[in-house]
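S.K.: Input: one structure, supplied below.
The values are calculated or read from the model by the stated rules, or taken from the named source; none is laboratory data. Given the structure is predicted, the values throughout are model-derived calculations rather than measurements. Backbone-built Cβ (ideal geometry, glycine too); neighbour counts: all protein chains shown. When the accessible area is computed, the model is the full protein with side chains, heavy atoms only, and any ligands, DNA or RNA have been set aside. Shrake-Rupley method; radii C 1.70, N 1.55, O 1.52, S 1.80 Å.
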Amino acid sequence: MQVIVLATQKGGSGKSTLARSIAAEMTGRGRVAMLDLDPQGSLTKWWQRREADDLQLVTGLTRADQIAKAVDTLREQGFDWLIIDTPGARDEATRIALHSADLVLVPVHPSQDDLDAVGPTVAEIKEAGAEFIFVLSRTTRARIVDEVGRLLAAHGRVAPALIGARVAHGEAATRGLTAAEAGNAAASEEVRALVDYVTKELA
Ligand SMILES: Nc1ncnc2c1ncn2[C@@H]1O[C@H](COP(=O)(O)OP(=O)(O)OP(=O)(O)O)[C@@H](O)[C@H]1O
Ligand SMILES: [Mg+2]
């Protein structure tokens, strides 16, 4: 089982949206479980609205030992992928998740505020000894996207696949779907390209 953690200390950068998109895309490639470590429970509420039962969800865990045990159990149960969503702030649950990660995806919305949060996020990930990749998220055609991409490249790998700003992500979520599942071809293509890249990096 490979563990992918969505983490950044910047709230609203697209962690939960990306976690759902990646998890749903991966259902076509293996058995997928998700772990919601955010007390806000965005991922959990989305999962509850979802009709398909193609994704296993573990939620409501706060203690470090419970979280570590849940990861072990999912591994024993033979899941191929575990996608972990974390809150937008440093906490003990996130630390445990980072320690169990095969790869951390750090969504960065191209803005100064998101950039400011990159330093502490990267420090936390490095402290856990985890591999990480930046994912430009909620991008527009603005020049700042290239600029932020260049700045990030000085700190680590940047996924070549961008996740564009599309209303379809939020709309689909109200029905427990992803933008791709709701038929948004552009979002579907972006997520597929990102998952292709991520799986190749993990191979
Ligand atoms: N690619 C996108 N295009 C358009 N809107 C997006 C995209 N990704 C996320 N959003 C929207 O931005 C908001 C924040 O996204 P999301 O909840 O995924 O961020 P988060 O990092 O999980 O936030 P938090 O730190 O609060 O958990 C949501 O309203 C979501 O619908
Ligand atoms: Mg979230």
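S.K.: Strictly greater than 24 Å: what percent of every Cα pair in the range 36-155 meets that?
M.R.: For the range 36-155, the fraction of Cα-Cα distances above 24 Å is 35 percent.
S.K.: For the range 1-82, with only Lys/Arg (+1) and Asp/Glu (-1) charged at the beta-carbon, what is the dipole magnitude about the Cα centre, in debye rounded to 20? Kindly include the intermediate steps, with their values, before the conclusion.
M.R.: Details: 11 positive and 10 negative charges, 53 e Å.
Using only the charged Cβ atoms, the result is roughly 260 debye.
S.K.: Per the 1.4 Å probe, what fraction of the accessible area of the range 114-199, in percent, lies on carbon and sulfur atoms?
M.R.: Carbon and sulfur together cover 52 percent of it.
S.K.: Turning to a different aspect of this structure: Around Ala185, with a cut-off of 14 angstrom between Cβ atoms, what is the net charge of the other residues, counting Lys and Arg +1 and Asp and Glu -1? If you can, show how the numbers build up before the last one.
M.R.: Working: positive: Arg166, Arg192; negative: Glu25, Glu181, Glu189, Glu190.
Spelling it out: positives minus negatives among the neighbours equals -2.
S.K.: Something else about it: Once the mean 1/r over all distinct Cα pairs of the chain is inverted, what Kirkwood radius in angstroms do you read off?
M.R.: About 16.7 Å for the chain.
S.K.: Also, quick follow-up: Report the accessible area of Thr17, computed with a 1.4 Å probe over the heavy atoms of all protein chains in place, in Å² rounded to the nearest 10.
M.R.: Spelled out: Thr17, probe radius 1.4 Å, area about 50 Å².
S.K.: A follow-up question, please. Hey, can you grab everything whose amide H is under 5 Å from the amide H of Arg31? Only 5+ residues off in sequence or another chain; H modelled, so Pro and N-termini drop out.
M.R.: Asp80, Trp81
S.K.: Can you give me the distance in nm between label points at Ala52 and Arg175, each placed 7 Å from the Cα along the Cα-to-Cβ direction?
M.R.: 1.3
S.K.: Give me the net charge for the shell around Glu201: Cβ to Cβ below 12 angstrom, other residues only, Lys and Arg +1, Asp and Glu -1.
M.R.: Once positives and negatives cancel, what remains is -1.
S.K.: What net charge do the residues around Val122 carry, taking every other residue with its C-beta under 14 Å from that of Val122, with Lys and Arg at +1 and Asp and Glu at -1?
M.R.: -1
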